[in-house]
Amino acid sequence: MIRKKIIHLISCLFLSASLSPILINSAQAQTYILPDTGQIKCYDNSVQIPCPQPGEAFYGQDGNYEGLQPTYQLSPDGLMVTNLNTGLMWQQADDGVSRDWYQAVAYCEDLDLGGHSDWRLPSRMELVSIVDYGRYDPAINPVFSAQSSLYWSDSTEADDADFAWYVSFYYGDAYYGEYKSYTNYVRCVRGGPLLNGSFEDNGDGSVTNTSTGLVWQQADDGRERNWQEALSYCEDLELAGKTDWRLPNIRELQSIVDDGRYDPAIDPVFSAQSSHYWSGSTYANLEYSAWDVDFGYGLAYYAHKGGANYVRCVCGGPSGSFENSLIFPHIASNGTWETDICIINSSDSDTLSGALSAYSNSGRELLATSISLLPNARWEITVGDFFPNSSDIGYLIFWSNSTNVIGYTKFYVEGRYRVALPAAAYVSSSDIYIPHIASDANWWTGISLLNTTSSSKTLTIQFDNGVTSTIGIAAYEHRAFTVRDLFAGSMQPDIQSAVIRNASGIAGLELFGSTENSKNTYLSGILLDDKTTTAIYYPHIASDSVWWTGIVAYNPSLASCNLNITPFTDDGASLTPTTITLAGEKKFIGTARDLNFPAGTAWFKLDSTLPVTGFQLFGTNDGNQMGGYNCAGIGGTEGVFAKTDVWTGIAFVNVENASAAVMMTAYGDSGDIISEETLHLGPYEKVVGLPSRLFPWDISAATYIGYSSDRRIVGFQLNGSPDNMMLDALPGL
C-alpha cells in the first residue's frame with residue numbers, strides 16, 4: 001500500500017559502490033530513508049483494535065500511517081545483510097561472544113567478512129535503524145540471526161565517557177546505562193556513517209530537519225497528556241499553515257535525539273523539556289504501554305498509556321498530495337514488453353535523495369530502494385534487470401525530498417516499437433481527458449489508471465459517442481485495459497475521445513499502437529491528466545516523402561470553440577492564419593497536409609476561445625516509426641532533453657516576440673558537464689538539428705541536455721533506433 005504520508009528521508013552517509021546495486025555516485029554525502037517502524041496494528045489503551053478512522057478515538061497512531069517498509073537483501077553467501085533503506089551492510093549473525101565496549105570496537109575493526117575489511121561498530125542511530133518495533137524477542141527482522149539481548153553501539157554517553165549506548169533487541173529499547181567495562185553482544189556494520197540531521201528554524205513555530213524532510217513543532221505547549229490525548233492533540237493541531245500534524249512514531253522521535261547533548265538531548269533550535277515525550281507507537285509486548293523518548297538523555301523506553309508525557313508533533317509532507325514525487329503509473333515487464341525509467345536531478349547545487357518504491361497492481365509495496373543523485377546527475381534502469389519478479393510490478397513511485405526531480409518512462413517490445421512518456425509529477429484534481437482513441441482493425445488503444453488516494457473510486461468513462469462505462473478502482477489500485485476490453489473485445493471505430501469523471505487523485509496514461517493486421521509498427525502515447533490551455537504550440541512540421549506530422553486538438557467543453565491557427569517559418573515570420581470551429585467534447589485530428597499550411601510552415605500556434613488540450617505525432621510513411629507528445633502546458637524558460645540516443649533530433653522554438661538566448665549544457669550521467677553552447681533565436685524563430693551539430697565540441701559522452709533561456713521557449717526531442725524501426729518523442733521536461 002502507498003504510504004499515507006510521504007516517506008521521510010534522514011541524515012547523510014558515505015557509501016562505497018559495493019554496498020548496494022541501487023547506489024548512485026559512490027563516495028559522496030547522501031541521505032538515507034527513514035523506514036516505517038514495522039508496526040501495522042492499532043491499539044487502544046489496553047488491547048488491539050481495528051485501525052480507527054479520522055475523527056474516531058485513538059486515530060493518528062503508528063498503525064494509521066504506513067510508511068516505507070524496511071527492506072533487506074541477504075548476500076548470496078548468507079554472511080551479510082544490506083538494508084536497502086539506508087544502504088548500510090550488516091553482519092548477518094553475531095559470533096555469540098559477549099565483549100566489553102573496547103573489545104567490541106576492536107572486534108569490528110579487525111573483522112574480515114565477505115571480502116570486506118572496513119567493518120566498524122555501529123552508532124546508536126544506526127543500530128536503532130534495524131529495530132523492528134512490530135516484533136519482540138527478538139525485535140529484528142528474521143533475515144538476521146540475533147540474540148534477544150543487548151548490543152553495543154559506538155556512541156559514548158554525553159556526560160560520562162565511562163558509559164556507552166546500547167540497544168536491546170529483546171524489545172528494541174535504546175539506553176545508555178552500561179559501563180564500557182560491561183559485556184554485550186556485537187553486530188558490525190560497514191558503509192555510512194549515518195550522521196545526525198541538520199535543523200532549520202522556519203520562523204513560524206516549526207523546525208525542518210533538512211536531512212529527513214520532516215517538519216517538527218518547535219516547542220511543546222508545556223502540557224503533559226495521556227497517550228490518547230496526545231494523539232488527538234497532534235491530529236487537531238494547526239501550526240505554521242499546516243494541518244497534517246501527527247504524533248511521531250518511535251523511529252521518527254529518536255531521529256531528533258542528539259547523542260552529543262544532554263539535559264536536554266536535542267538541538268538548541270528546539271524548545272524542549274528534559275523529560276519524556278510520547279510516540280505514536282505501541283510497545284509490542286505490553287499493549288497498555290507506548291514508546292516514549294526521554295529527552296533528558298535521549299533514551300527510548302515505554303510508559304503506561306494512562307500516564308502523562310509531553311508532546312511534540314511532526315508532519316512529513318501533505319497527506320496524499322504526492323508533492324515532490326514522480327509517478328510511473330504503468331510498468332510492463334513481462335517477457336514481451338519491457339520498461340525503462342529515468343530520474344534526473346535538475347539542480348545545479350543540491351543532491352537529490354529519495355526512494356523508489358515498487359507496487360503491485362493492488363497497491364502492495366513490493367520493494368523499495370534508496371536513491372541519491374548528485375547535482376545534474378541522471379539515473380536510468382531497465383525494470384526487468386533491476387527488480388526481481390518484475391512482472392509483479394504494476395507501478396513505481398519515486399518519493400523525493402526535492403522539487404528538482406524529473407523523469408520519464410519508456411515502454412517497448414524489442415525490435416517492434418517503443419514509446420516514451422514523461423513521469424507524472426502530479427495527480428489530477430478533476431476530470432481526466434482522453435483526447436484520442438483509436439480502436440479499429442488497424443489500431444488499439446490502452447488505458448492505465450492509478451488511484452493514488454486512500455479511498456476506492458467509481459470512475460465513469462464518458463465516450464464521445466454517448467456511451468458510458470463504469471470502472472471501480474480500489475484505494476492505491478492500478479488498472480490497465482484496452483478500450484476493446486470495455487466492450488467484450490469488440491472494436492469501437494465510432495469512439496474518438498472520452499472524459500473520465502470523478503477522477504480526482506487519479507494518475508494515468510494511454511498508449512495507441514498498430515494492430516498486427518495493419519502491417520505497421522506504430523506506437524505512441526501520452527499522459528492522461530486534466531491540463532487544458534487556450535494556447536498550444538506545435539513546434540515542428542515534417543511533411544515530405546519520408547515523414548508525416550499528425551495533429552490532435554480536443555475540446556473538453558460542452559460548448560464549441562474556435563481554433564485560431566497561426567503558422568510560422570523557421571526564421572519566425574508569421575504566415576496566413578486560419579480558423580477552425582471545434583464542437584464541444586470533440587477533437588480535431590489530421591495531418592499537417594490536411595490543414596493546408598502555406599509553403600515554408602515550420603511550426604504553428606493554436607489559440608482557442610476555450611481551454612483545450614492536444615498533442616502532436618511524427619511518423620514515417622513506411623509504417624515503421626511513430627513518436628508523439630502532449631503539447632498542452634509545455635514550454636518555459638528551462639528544461640531538459642532527457643536522453644541522447646543513437647540518433648537524437650532536438651528543436652527549440654522561441655514563442656515570444658523578442659530575441660532569446662538559450663544556454664545548452666550537455667551532461668553525463670554523473671552530472672559532469674561535457675560541453676556548453678548558447679543559441680540565439682530571433683522572435684518566433686525555430687532551430688532544429690542533431691545535438692552533435694549544435695555544440696562546438698564532441699558530446700559523444702553526454703547522456704542528456706539541459707537548457708535555460710531568457711525567454712519562454714518550447715522544445716522537444718526525437719530518439720530513433722539505428723535500424724529505423726523504433727522511435728520515441730519527449731517534450732522538454
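The values are calculated or read from the model by the stated rules, or taken from the named source; none is laboratory data. As the structure is a prediction and not an experimental result, all values here were calculated from the model. No Cβ is skipped: glycine too gets one built from the backbone with ideal geometry, and neighbour counts run over all protein chains shown. To get the accessible areas, we keep the full protein, side chains included, count just its heavy atoms, and leave off ligands, DNA and RNA. Shrake-Rupley method; radii C 1.70, N 1.55, O 1.52, S 1.80 Å.
If the requirement is being buried (at least 17 other Cβ atoms within 10 Å of the Cβ) and either part of a strand (DSSP E or B) or among the aromatic types (Phe, Trp, Tyr) (or both), which of these qualifies: ILE536, ILE541?
Result of the check over ILE536, ILE541: ILE536.
Do we find a residue being open to solvent by less than 30 Å² (accessible area, probe 1.4 Å) and under 26 Å from TYR170 (Cα atoms) anywhere in region 207-216?
No, the conditions are met nowhere in region 207-216.
May I ask you to list pairs of residues, at least six apart or on different chains, whose Cβ atoms are under 9 Å apart, with the first in region 262-279 being at positive phi and the second being open to solvent by 40 Å² or more (accessible area, probe 1.4 Å) and in a loop (DSSP other than H, G, I, E, B)?
From region 262-279, the pairs are ASP263/ALA158; ASP263/ASP159; ASP263/SER274; ASP263/TYR297.
Output the number of the condition that MET80 fails; it satisfies all remaining conditions of (1) more than 14 Å from VAL189 (Cβ to Cβ); (2) under 29 Å from the mean Cα position of the chain (by Cα); (3) modelled with pLDDT of 90 or more.
Only one criterion is unmet by MET80, namely (1).
Each row is one residue, and each column tells you yes or no for (1) more than 25 Å from VAL419 (Cα to Cα); (2) aliphatic (A, V, I, L, M).
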position	(1), (2)
TYR684	yes, no
THR703	no, no
SER708	yes, no
ARG712	yes, no
SER721	no, no
ALA729	no, yes
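In region 688-733, which residue that is surrounded by fewer than 18 Cβ atoms within 10 Å (Cβ to Cβ) and assigned to a strand (DSSP E or B) is nearest to the chain's Cα centre (by Cα)?
My answer is SER708.
Considering only region 365-391, state which residues are surrounded by 19 or more Cβ atoms within 10 Å (Cβ to Cβ) and polar (S, T, N, Q).
Matches in region 365-391: THR369, SER370, SER372, ASN376, SER390.
Across region 146-197, what is the total count of residues that are open to solvent by 10 Å² or more (accessible area, probe 1.4 Å), outside any loop (DSSP other than H, G, I, E, B) and small (Gly, Ala, Ser)?
Counting residues in region 146-197 that are open to solvent by 10 Å² or more (accessible area, probe 1.4 Å), outside any loop (DSSP other than H, G, I, E, B) and small (Gly, Ala, Ser) gives 3.
Restrict the check to region 356-378 and report whether at least one residue is under 19 Å from VAL640 (Cβ atoms) and of a type in the set (Phe, Trp, Tyr).
no
Restricting region 576-602 to residues that are surrounded by fewer than 17 Cβ atoms within 10 Å (Cβ to Cβ) and aliphatic (A, V, I, L, M), which is farthest from ALA542 (Cα to Cα)?
ALA583
Quick one: is ASP669 assigned to a strand (DSSP E or B) and open to solvent by 30 Å² or more (accessible area, probe 1.4 Å)?
Considered against the rule, which asks whether it is assigned to a strand (DSSP E or B) and open to solvent by 30 Å² or more (accessible area, probe 1.4 Å), ASP669 comes out as no.
Which residue is most open to solvent (accessible area, probe 1.4 Å), if the candidates are limited to region 264-295 and must be of a type in the set (Ser, Thr, Tyr) and under 25 Å from SER46 (Cβ atoms)?
Among them, the one singled out is TYR288.
Output the residue which, of all residues in region 296-309 that are modelled with pLDDT of 95 or more and over 13 Å from ASN45 (Cβ atoms), is surrounded by the fewest Cβ atoms within 10 Å (Cβ to Cβ).
Among those residues, the one meeting the criterion is ALA308.
Yes/no per residue for (1) among the aliphatic types (A, V, I, L, M); (2) assigned to a loop (DSSP other than H, G, I, E, B); (3) more than 27 Å from ILE674 (Cα to Cα); (4) under 11 Å from the mean Cα position of the chain (by Cα):
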| residue | (1), (2), (3), (4) |
| --- | --- |
| SER372 | no, no, no, no |
| ILE381 | yes, no, no, no |
| ASP385 | no, no, yes, no |
| ILE397 | yes, no, yes, yes |
| SER402 | no, yes, no, yes |
| THR409 | no, no, no, no |
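State which residue is farthest from TYR417 (Cα to Cα) when the search covers only region 633-666 and only residues that are among the hydrophobic types (A, V, I, L, M, F, W, C), in a loop (DSSP other than H, G, I, E, B) and under 23 Å from the mean Cα position of the chain (by Cα). Don't jump to the end; show me each part of the working.
Of the residues in region 633-666, the ones among the hydrophobic types (A, V, I, L, M, F, W, C) are 634, 640-642, 646-647, 650-653, 655, 658, 660-664, 666.
Filter once more, so that each one left must be in a loop (DSSP other than H, G, I, E, B): 634, 642, 646, 655, 658.
In the following step, the residues that additionally are under 23 Å from the mean Cα position of the chain (by Cα) were identified as 634, 642.
Numbers: ILE634: 25, ALA642: 19 Å.
So the residue we want is ILE634.
Test of understanding: among ALA498, ALA503, which residue is at pLDDT 95 or above and hydrophobic (A, V, I, L, M, F, W, C)?
Result: ALA498 is the single residue among ALA498, ALA503 that is at pLDDT 95 or above and hydrophobic (A, V, I, L, M, F, W, C).
Matching residues to (1) at pLDDT 95 or above; (2) of a type in the set (A, V, I, L, M):
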{"position": "ASP544", "(1), (2)": "no, no"}
{"position": "TRP547", "(1), (2)": "no, no"}
{"position": "PRO556", "(1), (2)": "no, no"}
{"position": "SER560", "(1), (2)": "yes, no"}
{"position": "PRO567", "(1), (2)": "yes, no"}
{"position": "ASP570", "(1), (2)": "yes, no"}
{"position": "LEU575", "(1), (2)": "yes, yes"}
{"position": "THR581", "(1), (2)": "yes, no"}
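Return the only residue of ASP259, ASP244 being closer than 21 Å to CYS51 by Cβ and touching a residue at least 60 places away in the same chain (Cβ under 8 Å).
ASP244
Checking the structure you have, find out if any residue of region 618-632 is open to solvent by less than 40 Å² (accessible area, probe 1.4 Å), of a type in the set (Val, Ile, Thr) and in a strand (DSSP E or B).
Scanning region 618-632, I find at least one residue that is open to solvent by less than 40 Å² (accessible area, probe 1.4 Å), of a type in the set (Val, Ile, Thr) and in a strand (DSSP E or B), so the answer is yes.
Just a yes or no: is a residue in region 459-477 open to solvent by 50 Å² or more (accessible area, probe 1.4 Å) and closer than 29 Å to LEU718 by Cβ?
No, there is no match, as no residue in region 459-477 is open to solvent by 50 Å² or more (accessible area, probe 1.4 Å) and closer than 29 Å to LEU718 by Cβ.
Can you confirm whether ASP570 is open to solvent by 10 Å² or more (accessible area, probe 1.4 Å), assigned to a loop (DSSP other than H, G, I, E, B), acidic (Asp, Glu) and touching a residue at least 12 places away in the same chain (Cβ under 8 Å)?
So ASP570 passes the test.
Could you identify the single residue in PHE58, PHE14 that is more than 28 Å from the chain's Cα centre (by Cα) and either on the phi > 0 side of the Ramachandran plot or at pLDDT below 75 (or both)? Before the answer, list the steps.
Working: PHE14 fails: more than 28 Å from the chain's Cα centre (by Cα).
Only one candidate passes the filter, namely PHE58.
How many of the residues making up region 37-75 are part of a loop (DSSP other than H, G, I, E, B) and touching a residue at least 12 places away in the same chain (Cβ under 8 Å)?
25
Hey, could you check region 244-263 for residues that are farther than 28 Å from SER46 by Cα and touching a strand residue (DSSP E or B) at 6+ places or on another chain (Cβ under 8 Å) and say which is surrounded by the fewest Cβ atoms within 10 Å (Cβ to Cβ)? Explain how you work it out, then say what you get.
Looking only at region 244-263, we keep the residues that are farther than 28 Å from SER46 by Cα, and these are 256-263.
From what is left, the residues that are touching a strand residue (DSSP E or B) at 6+ places or on another chain (Cβ under 8 Å) are 256-257, 259.
On the way: ILE256: 28, VAL257: 24, ASP259: 19.
Applying the filter and picking the extreme gives ASP259.
Quick test of your reading of the structure: PHE398 fulfils all but one of (1) within 25 Å of PHE615 (Cα to Cα); (2) in contact with a Leu (Cβ under 8 Å, 6 or more places away or on another chain). Name the failing condition by number.
All conditions are met except number (1).
Can you tell me which residue in region 76-118 is most open to solvent (accessible area, probe 1.4 Å), limited to those that are among the aromatic types (Phe, Trp, Tyr) and assigned to a helix (DSSP H, G or I)?
Among them, the one singled out is TYR102.
Could you please find all residues in region 121-145 being buried (at least 23 other Cβ atoms within 10 Å of the Cβ) and assigned to a loop (DSSP other than H, G, I, E, B)?
LEU121, PRO122, SER129, ILE130, TYR133, ALA139
Within region 401-437, which residues are touching a strand residue (DSSP E or B) at 6+ places or on another chain (Cβ under 6 Å), open to solvent by 10 Å² or more (accessible area, probe 1.4 Å) and hydroxyl-bearing (Ser, Thr, Tyr)?
SER402, TYR412, TYR417, TYR433
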